[in-house]
Amino acid sequence: MNKLLSSAWVLLILIVIIWGVNWPIIKIGLRSIDPLWFAAARLGIALVTISVLLLFLGRLKRPHRQDVPIVLGVGVMQFAVFVTLINMGLTEVNAGRAALLAYTTPLWVTPGAYFVLKEPFSRIKLVGAAVGICGLLILFNPLGFDWNDASVVKGNILLLVAAMVWAISILHIRQHKWKGSVLELTPWQIMVALLIVVPYAWFSNTQAVVWSAELVLILLYNGMLATALAQWASIRATQILPAMTVSLGLLMVPLMGILSSTIWLGEPFTMTLGLGAALIVGGLLLQINFRKQR
């Protein structure tokens, strides 16, 4: 069990790195491709990547009837809705702020983990969650954007809705009784997402794609690493660790997103970032200590 928990934390660290640096990468990519087609291309590449891997391993097979709800749920919420909403939100919001808003997930997971999943809360675990969420609230400054700009407000709302949808997906993953493995079900979940995203993009008024070597590399990174590998890792970690622990651990992603956006895109680095980061890291350390003491 200790090895399993250790592997879950390794997966979380991997996710933080891959998803953290991806926020400015997506922002750059959206200069050349519509957010809907970006989502479709990202999912398509991920589907091919995982399907080839499963075919090589001899594990490409249809999902068990018991896993149909999780295939549909994760496919719709985590792959279709979440990915599309963050792309749409990024067209109006800075990459660093977008990462922050999309990862307000713990605010929505915490009550669900308690009331829906009946996960036990120790005092130190609650303190860790509270400290991490306080760091997030400090970073989320409602005075940081123009409320009179309808497009910016829309972008912020889309990102918050994406966070809520992801929170519901986390609770669903924790509650579901899995028959097949996460890896074996992932291509089917992506197929469900593509059945939603591709028609939506096809019938929408989308901009023409400006192809370049840079865009190809961005799409490959998003499809193979940020979607295929990191999404599998996030679902696997969610299976092993408590829902609130996973969501709090993922708070490191927006910090990485803000830092990488500051370096690559020249977005402002503020003093509130330092305080928020300190609180979030402190909350994570309390979570890790709680796991060791159990």
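The values are calculated or read from the model by the stated rules, or taken from the named source; none is laboratory data. Keep in mind it's a predicted model, so treat the numbers as computed, not measured. Glycine also receives a Cβ, built like all others from the backbone with ideal geometry; neighbour counts cover every protein chain displayed. In case anyone asks, the SASA skips ligands and DNA or RNA and just uses the protein heavy atoms, side chains included. Shrake-Rupley method; radii C 1.70, N 1.55, O 1.52, S 1.80 Å.
Charge dipole of region 114-236 (Cα centre as origin; +1 on each Lys and Arg Cβ, -1 on each Asp and Glu Cβ, all else neutral): 680 debye, rounded to the nearest 20. Computed over all pairs of different Cα atoms, the Kirkwood value for the hydrodynamic radius of the chain is 19.3 Å. Each peptide in 56-68, 99-111, 213-225, 164-176 receives the mean, over its residues, of other Cβ atoms within 10 Å, and ordering these scores from highest gives 99-111, 164-176, 213-225, 56-68. Give the distance, in whole Å, between the Cα centre of region 1-72 and the Cα centre of region 208-253. Each part's Cα centre sits 6 Å from the other's. Highest mean packing comes first when the peptides 81-94, 267-280 are listed by Cβ atoms within 10 Å, giving 81-94, 267-280. Cross-link partners for Lys27 among the lysines, with Cα-Cα distance under 18 Å and sequence neighbours closer than 8 places in the same chain left out: Lys154.
Carbon and sulfur: what percent of the chain's accessible surface (1.4 Å probe)? Result for the chain: 70 percent of the exposed heavy-atom area is carbon or sulfur. Straight-line cross-link reach from Lys3 at under 16 Å between alpha-carbon atoms covers these lysines, not counting any fewer than eight positions away in the same chain: Lys292. Note on Lys179: aspartates and glutamates with a C-alpha under 14 Å away, same-chain residues under 8 apart excluded, are Asp67. Farthest toward the positive end of the dipole of the chain, out of Gly257, Ala8, Trp147, is the Cα of Ala8, where the dipole comes from beta carbon charges about the Cα centre. Straightening the chain between Ile28 and Asp149 buys 41.3 nm, computed as 0.36 nm per residue apart minus the Cα-Cα spacing.
Rolling a 1.4 angstrom probe over the protein heavy atoms with all chains in place gives the chain an accessible area of 46 Å² per residue.
Dipole check for region 1-99: with +1 at the C-beta of Lys and Arg, -1 at the C-beta of Asp and Glu, and the Cα centre as origin, the magnitude is about 280 Debye. For the chain, a simple Cβ point-charge model (Lys and Arg +1, Asp and Glu -1, everything else neutral) yields a dipole of about 1240 debye relative to the Cα centre.
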